[in-house]
Each structure stands twice: as structure tokens, then as C-alpha cells.
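Shown next, in C-alpha cells, is the structure this report addresses.
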């Protein structure tokens with residue numbers, strides 16, 4: 001099973017953590033697959049309870065399986081496979097030791113010495129972008145419970161974040177930078193309001209499709225997010 005193929009922007013980057021039973025190197029790319037020892041859990045009730053937290057509509061067409069880490073799933077489209085969970089779980093203090101277990105496996109297998117701080121959880125659709133078009137529910141709930149996050153090596157996370165959060169991106173998407181502390185739900189009073197939000201969603205979808213071109217799983221999730229919220233406007 002392989003990682004999503006994206007030209008590396010920095011040396012020494014682990015491509016986003018994947019779940020794999022074998023190792024595959026792609027010529028010309030630093031493609032690292034993480035060999036995970038699959039454990040049979042006597043009681044998986046915790047795993048399946050947490051497994052249901054991410055928005056199921058965002059994961060349509062994505063294969064979902066519980067991992068050996070409680071609260072964390074293996075999500076995939078084809079061979080593009082990732083550790084995923086909701087932000088509320090992965091950022092909890094109790095999860096730190098479990099994250100160490102994942103990183104320890106990577107370091108041990110590849111004789112690396114990466115630290116816990118070198119790995120991040122990446123929201124498939126950035127919260128700042130969600131804030132530009134959602135008009136119901138809670139941005140906090142979207143960020144912490146509904147939007148899938150995937151474990152990714154920090155240099156790659158920085159690369160994606162820089163591409164997702166710059167003036168050129170906002171200009172193409174016709175959005176403005178939003179301070180989450182000042183965030184309020186978008187209001188739809190007229191057809192013009194509806195059309196403006198629909199245009200923003202469509203612009204974001206097109207840009208995400210390009211940036212996630214070689215990340216089939218993340219691309220599928222992002223498309224599901226945008227399609228769902230676009231359908232809510234009709």
C-alpha cells in the first residue's frame with residue numbers, strides 16, 4: 001500500500017502516515033509506509049463508539065476500518081490509506097501516549113529519530129475555509145467532532161497549510177481571512193446571499209481538487225464536504 005504521491009518540497013519528509021502490511025518504495029519519491037502490527041482487541045466497544053464521531057457524510061465512498069489504536073480509524077480510497085480521527089480525540093491529553101506509540105513504531109521500523117512534535121493532525125478541510133460558508137450548526141463542532149483529521153509529518157503539513165492559507169488562495173476562492181474569535185454563522189436572507197455562498201463553495205472545491213490531486217482519500221472527503229454544504233443551499 002502506498003502513500004499519496006506528491007512532489008516533495010523538503011528533504012526528509014515522511015509522507016502522511018499510512019496503515020500498511022507491507023513496504024513499498026516509489027522510484028523518485030521518498031515514499032514511506034508504516035508497518036503496523038495489527039492487534040486483536042478483546043473489546044472494541046471504545047473503538048467503535050469513537051469511530052462514529054466523524055461526519056459519516058463526509059466519508060461517503062471512503063473505506064473505514066478501526067485501527068489497533070482506540071478512537072482512530074484506517075480510512076482509504078484505493079491504496080491511499082491514513083490514520084484518521086476527530087480532533088476532539090486526537091488532541092486530548094489522554095491520547096498523547098497513543099500518538100507516541102504510533103510514532104515509536106515509525107522510528108523503530110525505519111531507524112529514525114523523529115519526535116512527537118514533528119507529527120501533526122491535519123483537518124482535511126481547513127476550519128478557516130469552513131467558516132466562510134457554513135450557515136447552520138457550530139463551527140466548533142465542525143472543527144472538533146465532524147471534520148476528519150489525518151496524521152501527517154510536520155514539513156508536509158506546513159507545505160499544505162502554506163498553500164491553503166495565503167492571499168493568492170483567498171483571492172482565487174473569493175474569501176477573506178476570518179478571525180475565529182469574531183466568527184458568526186453566515187446569514188442567508190436573499191437569493192444573492194445564497195448564490196454568493198454557492199460560488200465560494202464551488203471555488204473552494206475546485207482549488208482543493210487541485211491541491212489534493214494526488215491524495216485520493218483527502219480529495220474524496222473534501223469533495224463530500226463541499227457537495228453536502230452546496231446541496232444545503234438548494
- [ ] Would you mention how many residues in the stretch 52-63 are in contact with a helix residue (DSSP H, G or I) (Cβ under 7 Å, 6 or more places away or on another chain) and farther than 13 Å from residue 86 by Cα?
- [x] 4
TODO: Take the stretch 113-132 and flag every residue that is touching a residue at least 60 places away in the same chain (Cβ under 8 Å) and either part of a loop (DSSP other than H, G, I, E, B) or touching a strand residue (DSSP E or B) at 6+ places or on another chain (Cβ under 7 Å) (or both).
DONE: 114, 119, 122, 124, 125, 132
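Please determine, by comparing only the residues of the stretch 72-93 that are over 21 Å from residue 225 (Cβ atoms) and assigned to a loop (DSSP other than H, G, I, E, B), which one is modelled with the highest pLDDT.
79
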Task: Given (1) out of contact with any helix residue (DSSP H, G or I) (no Cβ under 7 Å at 6 or more places or on another chain); (2) in contact (Cβ under 8 Å) with a residue 40 or more places away in the chain, number of the condition residue 211 does not satisfy - done: (1)
TODO: Considering (1) more than 26 Å from residue 198 (Cβ to Cβ); (2) modelled with pLDDT of 90 or more; (3) part of a helix (DSSP H, G or I), say which one residue 159 fails and leave the rest.
DONE: (2)
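One line per residue, one yes/no per condition, for (1) crowded, with 16+ Cβ neighbours inside 10 Å; (2) more than 17 Å from residue 223 (Cα to Cα); (3) in contact with a helix residue (DSSP H, G or I) (Cβ under 9 Å, 6 or more places away or on another chain):
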{"residue": "132", "(1), (2), (3)": "yes, no, yes"}
{"residue": "135", "(1), (2), (3)": "no, yes, yes"}
{"residue": "150", "(1), (2), (3)": "yes, no, yes"}
{"residue": "156", "(1), (2), (3)": "yes, yes, no"}
{"residue": "163", "(1), (2), (3)": "no, yes, yes"}
{"residue": "167", "(1), (2), (3)": "no, yes, no"}
{"residue": "174", "(1), (2), (3)": "no, yes, yes"}
{"residue": "187", "(1), (2), (3)": "no, yes, yes"}
{"residue": "193", "(1), (2), (3)": "no, yes, no"}
- [ ] Go through the residues of the stretch 51-64 one by one and say whether even a single one is modelled with pLDDT of 90 or more and part of a strand (DSSP E or B).
- [x] yes
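Okay, residues lined up against (1) in a helix (DSSP H, G or I); (2) over 19 Å from the mean Cα position of the chain (by Cα):
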residue: 194; (1), (2): yes, yes
residue: 199; (1), (2): yes, yes
residue: 206; (1), (2): yes, no
residue: 219; (1), (2): yes, no
residue: 233; (1), (2): no, yes
Task: Breaking point among (1) part of a loop (DSSP other than H, G, I, E, B); (2) farther than 30 Å from residue 104 by Cα, for residue 214 - done: (2)
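The values are calculated or read from the model by the stated rules, or taken from the named source; none is laboratory data. Please read these numbers as outputs of a predicted model, since none were measured by experiment. Every residue, glycine among them, receives a Cβ derived from its backbone with ideal geometry; neighbour counts consider all protein chains shown.
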